[in-house]
1. Just the accessible area per residue of the chain, please: how many Å² with a 1.4 Å probe?
2. Can you list the lysines whose alpha carbon sits under 29 Å from that of LYS232, skipping same-chain ones fewer than 8 residues off?
3. What lysines sit close enough to LYS118 to cross-link, taking a C-alpha to C-alpha distance under 23 Å and skipping anything fewer than 8 places away on the same chain?
4. What spacing in nm lies between the two simple spin-label points modelled at LEU294 and ASP81, each 7 Å away from Cα in the Cβ direction?
5. Scan the chain and report its longest stretch carrying no GluC sites (Glu not before Pro) that are both in a DSSP loop and have at most 14 other Cβ atoms within 10 Å.
6. When N is the residue count of region 75-182, what does its C-alpha Rg come to as a fraction of 2.2 N^0.38 Å?
7. Dividing the alpha-carbon Rg of region 226-365 by 2.2 N^0.38 Å yields what?
8. Sketch the reach of a paramagnetic label on LEU350 as a point 7 Å from Cα along Cα-to-Cβ, and name the residues of region 151-184 whose backbone nitrogen lies under 19 Å away.
Amino acid sequence: MNATARAWKLEAPGRPLRRHEAAVPRPGPDEALLAVSGCGVCHTDLGFLHEGIPTRHPLPLTLGHEIAATVLEAGRDAVLDDGRCLTPGQEVIVPAVLPCGDCPRCRAGRENICAAQKMPGNDLDGGFASHVCVPARSLVPVTGRPSGLNLAHLAVVADAVTTPYQALLRARVAEGDHVVLIGAGGIGIFAVQIASHLGAQVLAVDTRAARVARALEHGAVAGVALDGMGLKDARAAIRACAGEEHWPRDGWKVFEMSGTPAGQQLAFSLLGPCSTLAVVGYTPRRVEVPLSHLMAFDADAFGSWGCPPRHYPAVLDLVRDGRIRLEPFVSFHPLDDVNEVIQQVRAGSLDTRAVLVPDPKEVQG
């Protein structure tokens, strides 16, 4: 084990992250010390850094909640939720939401909104670092890593893949459903693949034609590139495209994954009889919508936060058998380039999920 750990910390909103070096931490009794293989950069991190969203832990704080790592050391009481012990060298995924497992919400099957949840990069130091200590209970062992993937590829499973997975499960997406996905970017492209696997017909919508084309290559049956359209024109284009595919007007399942006010307004405008709206993307800005449409159409709407760790093994199975592809949609970047990468993500100049790697040699070749 290296004697020194490095981390890039948020010291004040709006300022570049600053590199810190310290002795490698020791895990607490119920924690695991992990060597980070990769940590994804999410728009939530940009929210903490640039949009005035406060972290629950006081600053300075290491951001990053999409972590794949290797166990270096486990505390004396560190066991997984099923009672198994962690062993050094074990590869794991750190769920973006670490539930306590004991509160009423957890016992009711709503672990993703646990009252005592811990989120790396929000409640405790996250994965923009070489090492991290996290509660061990909810870690997800990687057994039989998918062929051709580095452990760092699996960082995106911690959020970008599992978050849409849980939203699609909650909406009961099934064979023959008609699904509209607003936003085919960082999480939307994985939602396209999952919904297609579940048997749905998927219509992908994005502001970028390249993202729509990519979605069509990975499971969508139709797509609309908005290309600067206003709300009315965008809604008309989507309905026209659905008509060309002979979709019924009833029962659409609409998933808002862009995390923009325009995307949320568009998603709400697509509600029809017996339809379902899932809000998965996040924006701190207010959005005005005609809420009574929910009543008029007898429609359902819900928000989706994270994913219970118990669903992660099923997602890994989908990755392992190729029904969810990660490698075309992930790019690796040295951890020490974190500020430059964040600016690229913020500017929208990366069309992949950026994963920061402390040791680039691990993902070469």
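1. About 43 Å² of surface per residue is accessible.
2. Here the lysines satisfying the reach criterion relative to LYS232 are LYS253.
3. Here the lysines satisfying the reach criterion relative to LYS118 are LYS9.
4. Here the answer is 2.7 nm between the modelled labels.
5. 12-174
6. Values: Rg = 15.7 Å, N = 108, 2.2 N^0.38 = 13.0 Å.
Dividing the Cα radius of gyration by 2.2 N^0.38 Å gives 1.20.
7. Values: Rg = 19.0 Å, N = 140, 2.2 N^0.38 = 14.4 Å.
So region 226-365 has a normalised radius of gyration of 1.32.
8. Of the residues in region 151-184, 151-164, 184 have backbone N under 19 Å from the label point off LEU350.
The values are calculated or read from the model by the stated rules, or taken from the named source; none is laboratory data. Given the structure is predicted, the values throughout are model-derived calculations rather than measurements. In this analysis, Cβ positions are derived from the backbone assuming ideal geometry, glycine residues included, and neighbour counts consider all displayed protein chains. Please note that ligands, DNA and RNA were not included when accessible areas were found on the heavy atoms of the full protein model with its side chains. Shrake-Rupley method; radii C 1.70, N 1.55, O 1.52, S 1.80 Å.
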